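So the structure is just underneath, and the comments pick up after that.
The values are calculated or read from the model by the stated rules, or taken from the named source; none is laboratory data. For clarity, every value in this text was computed on a predicted model and none was experimentally measured. Backbone-built Cβ (ideal geometry, glycine too); neighbour counts: all protein chains shown. Surface accessibility is based on the protein's heavy atoms, side chains included, excluding ligands, DNA and RNA. Shrake-Rupley method; radii C 1.70, N 1.55, O 1.52, S 1.80 Å.
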Amino acid sequence: MAAGEMRAHRRIDLDHAEALRLLGSVSLGRIVFTRQALPTVRPVNHVLDDGDIVIRTHEGAALTSHAQETDSTGVVVAYEADAIDPDTHLGWSVVVTGYAQLVTDPVELERICGLLKPWVPMEPMDQAVRIRPELVTGVLLTETGGAARTTG
């Protein structure tokens, strides 16, 4: 391909099932929640468990504290994961919006701890948060087959 040209891209909206399937194919994502009335983003690892996103956290984490303060529905969060090639800009991105609740059942917490190991060594990751998806959106970025002229 000549300098100043790149492959033209096409954006395809993903359905709910395909978006969750892709999200489940990676282990890292970003959780977005509100802290002191401002948006906060944290990178975390996750696992899909019966259609829900589950992350591990620790007692003093901002999200843990926030999830403990909410009513039975949980706290509204967004979760994003993607796999986009840095050179071609092809891949996919999925965003889930839903309610996050602290896992309080000891048996469920033990099971989750067996499914999901912390990705960074920190203080004990002895808590878990379950995100129940309400809105799932995703896009697939593919080549169209033609070349697009870029300006630089």
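Heavy-atom accessible area with a 1.4 Å probe sorts D13, D50, D82, largest first, into D50, D13, D82.
Shown in residue order for the stretch 128-138 are the 3J(HN,Hα) couplings computed by the Karplus curve 6.51 cos²θ - 1.76 cosθ + 1.60 at θ = phi - 60°: 9, 10, 10, 10, 8, x, 10, 10, 10, 10, x Hz (x for Gly and Pro). Using 0.36 nm per residue and subtracting the Cα-Cα separation, the extra length available between R132 and D105 on full extension is 8.1 nm. Computed from the Cβ-Cβ distance with R0 of 25 Å, the FRET efficiency linking T97 to S27 stands at 0.75.
At 0.36 nm per residue, minus the direct Cα-Cα distance, what do L48 and T142 gain on full extension? Give it in nm, one decimal, please. Walk me through the numbers on the way to the answer.
Working: separation 94, 0.36 × 94 = 33.84 nm, distance 2.52 nm.
The span from L48 to T142 would gain 31.3 nm if fully extended.
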